[in-house]
Amino acid sequence: MRARISSKLLIASGFLLLGSALTAPAFGQEYTKREITRTTEKELAASLEVAFGTVTVARGDRSKVVIAEYWRDRDEKQRLEMSYEISNNRGNLDIELTDSRKSRKRDDSSISWEERRSDHSADEDRHLSAKFTDAVPIAFKIALGAGKGDFDFSGLKVKRLKVSVGASSADLRCDELNTIACDEVIIESGVSKFSAEGLCNLNFRKLKFNGGIGAYKLDFSGKLQQSATAEIEVGLGAVTVYVPRDMPVRVMYDESWFSSMDFDDNFVRVKKSLYETENFRGSDKYLTIKIESGLGSVKLRTR
């Protein structure tokens with residue numbers, strides 16, 4: 001699995017207001033805060049790319065496109081870079097942590113920057129927090145190479161979502177129903193531990209999960225608003241899939257001598273490589289799960 005961190009940044013343009021505020025940092029850390037005030041954009045394409053560190057994503061101030069905060073050890077070379085432009089009513093946002101020696105010169109007319117340092121020991125290494133508006137649909141593209149990820153899309157209007165994590169431990173959740181249809185969800189997880197909850201609350205049409213070597217939990221809790229398809233591929237990893245007990249589900253998989261499939265009693269074997277829940281037939285909205293497993297193991301559970 002690739003978690004490539006691009007060095008490309010968009011040039012800030014369009015009518016926008018960028019501001020920066022500063023609060024007291026944690027001991028031994030440098031703190032930076034940047035925010036973008038929402039103006040004419042009707043939707044947003046947001047790219048967040050981090051080589052390593054702790055990253056959190058959540059809902060923020062409705063009037064702000066994003067509020068980004070970054071804590072880092074005073075000796076850490078990586079800095080927060082952010083650019084934004086509005087084109088055809090769509091805001092294009094890039095956030096990344098990049099080596100300050102390679103970062104471009106900032107346009108001080110549109111971007112302000114403040115920092116503060118402490119002489120005490122740091123409590124933790126770098127931590128990036130990004131909080132997004134819930135006022136417009138957002139297409140997310142998130143890449144984390146190594147570290148920890150906490151991605152909470154509850155209350156956000158998710159139009160598309162791609163999450164790529166490498167040697168990381170990451171949690172994804174959506175505790176509230178996405179009020180718009182999500183065209184596609186793509187999750188790529190390498191040598192890692194990955195957990196997702198409330199996946200059906202994303203209101204996706206199609207979901208693709210690709211796991212390498214690791215332990216994965218995919219919880220499709222939530223209420224189906226439309227029929228949806230989830231494609232799950234596992235290499236050497238172990239994945240446990242949970243679905244609500246009352247959700248109509250069909251499971252199709254490729255049998256392999258090297259993989260292990262384990263269904264609970266709520267799934268009925270229809271024929272070779274095909275299982276269904278008892279309430280699947282005649283349902284107008286249902287979830288179809290397609291599974292491919294190499295040397296890994298897959299468990300299907302209802303709850």
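The values are calculated or read from the model by the stated rules, or taken from the named source; none is laboratory data. Because the structure is predicted, anything quoted here is derived from the model rather than measured. Because the Cβ atoms are built from the backbone with ideal geometry, glycine has one as well, and the counts that use them run over all protein chains shown. Only protein heavy atoms, including side chains, enter the accessible area calculation; ligands, DNA and RNA are left aside. Shrake-Rupley method; radii C 1.70, N 1.55, O 1.52, S 1.80 Å.
Do we have ALA215 as within 23 Å of SER169 (Cβ to Cβ), open to solvent by 40 Å² or more (accessible area, probe 1.4 Å), among the aliphatic types (A, V, I, L, M) and in contact with a Ser or Thr (Cβ under 7 Å, 6 or more places away or on another chain) here? Spelling it out, it is not the case that ALA215 is within 23 Å of SER169 (Cβ to Cβ), open to solvent by 40 Å² or more (accessible area, probe 1.4 Å), among the aliphatic types (A, V, I, L, M) and in contact with a Ser or Thr (Cβ under 7 Å, 6 or more places away or on another chain).
The strands (runs of 3 or more DSSP E) located wholly in the range 163-219 that include 1 or more residues which are out of contact with any Lys or Arg (no Cβ under 9 Å at 6 or more places or on another chain) and within 16 Å of LYS290 (Cα to Cα) occupy 204-211, 214-219. Selection of the range 247-258 for residues being surrounded by fewer than 18 Cβ atoms within 10 Å (Cβ to Cβ) and at pLDDT below 95 yields ASP254, GLU255, SER256, TRP257, PHE258. Against the numbered list (1) in contact with a Cys (Cβ under 7 Å, 6 or more places away or on another chain); (2) farther than 30 Å from ILE138 by Cα, LEU224 comes up short only at (2). Residues considered: PHE267, PHE220. Of these, the only one that is within 21 Å of SER195 (Cβ to Cβ), modelled with pLDDT of 90 or more and open to solvent by less than 30 Å² (accessible area, probe 1.4 Å) is PHE220.
Looking at GLY235, GLY294, GLY282, which one is free of Cβ contacts under 8 Å to residues at least 40 places away in the same chain, farther than 27 Å from SER154 by Cα and surrounded by fewer than 19 Cβ atoms within 10 Å (Cβ to Cβ)? So that I can check it myself, show each step before the final result.
Working: GLY235 fails: free of Cβ contacts under 8 Å to residues at least 40 places away in the same chain; GLY294 fails: free of Cβ contacts under 8 Å to residues at least 40 places away in the same chain.
When all the criteria are applied, what remains is GLY282.
Scanning the range 135-157 for residues that are open to solvent by 30 Å² or more (accessible area, probe 1.4 Å) and more than 9 Å from the chain's Cα centre (by Cα), we see that the one that is farthest from ASP61 (Cα to Cα) is ALA146. Residues in the range 55-66 that are assigned to a strand (DSSP E or B), open to solvent by less than 40 Å² (accessible area, probe 1.4 Å) and either over 17 Å from LYS131 (Cβ atoms) or not aliphatic (A, V, I, L, M) (or both): THR56, LYS64.
Checking each residue in the range 270-303 for being at pLDDT below 95, polar (S, T, N, Q), out of contact with any Phe, Trp or Tyr (no Cβ under 8 Å at 6 or more places or on another chain) and assigned to a strand (DSSP E or B) picks out only SER297.
Do we find a residue being at pLDDT 95 or above and in contact with a strand residue (DSSP E or B) (Cβ under 6 Å, 6 or more places away or on another chain) anywhere in the range 118-126? There is no residue in the range 118-126 that is at pLDDT 95 or above and in contact with a strand residue (DSSP E or B) (Cβ under 6 Å, 6 or more places away or on another chain). Residues of the range 68-91 that are assigned to a strand (DSSP E or B), open to solvent by 30 Å² or more (accessible area, probe 1.4 Å) and either without any contact (Cβ under 8 Å) to a residue 60 or more places away in the chain or of a type outside the set (D, E, K, R) (or both): TRP71, ASP73, GLN78, ARG79, ILE86, SER87, ARG90.
Within the span defined as the range 143-160, one or more residues are in a loop (DSSP other than H, G, I, E, B) and without any contact (Cβ under 8 Å) to a residue 40 or more places away in the chain. When the range 36-54 is limited to residues that are within 27 Å of GLY145 (Cβ to Cβ) and either part of a loop (DSSP other than H, G, I, E, B) or of a type in the set (S, T, N, Q) (or both), the one that is least open to solvent (accessible area, probe 1.4 Å) turns out to be SER47. The set of residues in the range 172-204 being on the phi > 0 side of the Ramachandran plot and open to solvent by less than 10 Å² (accessible area, probe 1.4 Å) consists of GLY198 alone.
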